[in-house]
1. So, by mean Cβ neighbours within 10 angstrom, what's the order for 147-153, 34-40, 77-83 with the highest one leading?
2. If amide hydrogens are placed 1.01 Å from N in the peptide plane, which non-local residues have theirs closer than 5 Å to the one on Gly63?
3. Work through the residues other than Thr97 whose Cβ is under 14 Å from its Cβ and net out their charges, Lys, Arg +1 and Asp, Glu -1.
4. Rounded to the nearest 5, what % of DSSP beta bridges with both residues in the chain are antiparallel?
5. State the Cα centre-to-centre distance between region 140-188 and region 29-70 in whole Å.
6. Tell me the chymotrypsin sites (Phe, Trp or Tyr not before Pro) within region 89-154 that lie in a loop according to DSSP and have at most 12 other beta-carbon atoms within 10 Å.
7. Projected onto the charge dipole of the chain (+1 at Lys/Arg Cβ, -1 at Asp/Glu Cβ, origin at the Cα centre), which of Thr62, Val196, Phe138 gives the Cα projection farthest towards the positive end?
8. Calculate, for Val149 and Asp172, the FRET efficiency according to 1/(1 + (r/R0)^6) with r their C-beta to C-beta distance and R0 22 Å; round to the nearest 0.05.
Amino acid sequence: MTTTRRAQPILTLCELGDTGIEGLESFSPFCLKAHRALRAAGLQYQRRTSARPDAFKSLNATGQVPVLLVGDEPVADSTRIVARISQLGRSLDAGPTGRERAEAWLWEELADTALNGFLVAARWADARNWPAVRDAYFAEMPALVRAIVPARLRANVVATLVARDVWRAGEDECWRRYEALLDQLEARAPERGWWVGDRLSVADLALFAQLRALRTPLTPWQSSRIDARPTLCAWLDRVDEATRAPAVAIAA
């Protein structure tokens, strides 16, 4: 008796445009997580990009990216996207036990909330980084609009960071907590292999995406603090190597 292998549906990742930074497919860590998950799962996909995330509002009412089209079906939110990718390709679960799977998704939650708060603060609230971030995000905006809109957006984002308790106690306390979290991640990082279990999982992908997004020329001080943690950096490099090649993205 023979079985017929089901053909992979056409996968299209709707996201922001290229960054121009080697090894960083998107400024959005959530889009970056989707890219690396698709590659880790061994799936071919194409990209549909826009400078504005609300260009995909017909696919996601929140106007946020990424959105993964599975055939004609839109899947929004990076957590749901990774779960769907895991069903379509190689499993991204941490291991065979429920305990390992649960721990991997708990790490994903920490990455998407706690670590992401520090990334947003580094890009939008840290005055040392804002000029480079503004130029990277808004370079194509007309000059007159660029003189007004980015500053207003920044004020709104900083207010959100205060409401999230990321920036409420001020800059010094924010970065003290950031370094404390990096110390904890350095102590927990595996000396070999993967974050949870014996295979690359959603825990690796989610933590990698946020830390890789912090490890760029846009946020040099925050990047230097990651570079000061050798075990964490070695693990980041392993995840990067495992999910960068082969490059299967096809320009849409």
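None of the figures in this text is laboratory data; all of them are computed from the coordinates on show. Given the structure is predicted, the values throughout are model-derived calculations rather than measurements. Ideal geometry is used to build each Cβ from the backbone, glycine not excepted, and the neighbour counts take in all protein chains shown.
1. Averaged packing, sorted descending, gives the order 34-40, 77-83, 147-153.
2. Under 5 Å from the amide H of Gly63: no residue qualifies.
3. Neighbourhood net charge equals -1.
4. 50
5. 24
6. Listed in order of number, the matching sites amount to none.
7. Thr62
8. Computed FRET efficiency for Val149 and Asp172: 0.15.
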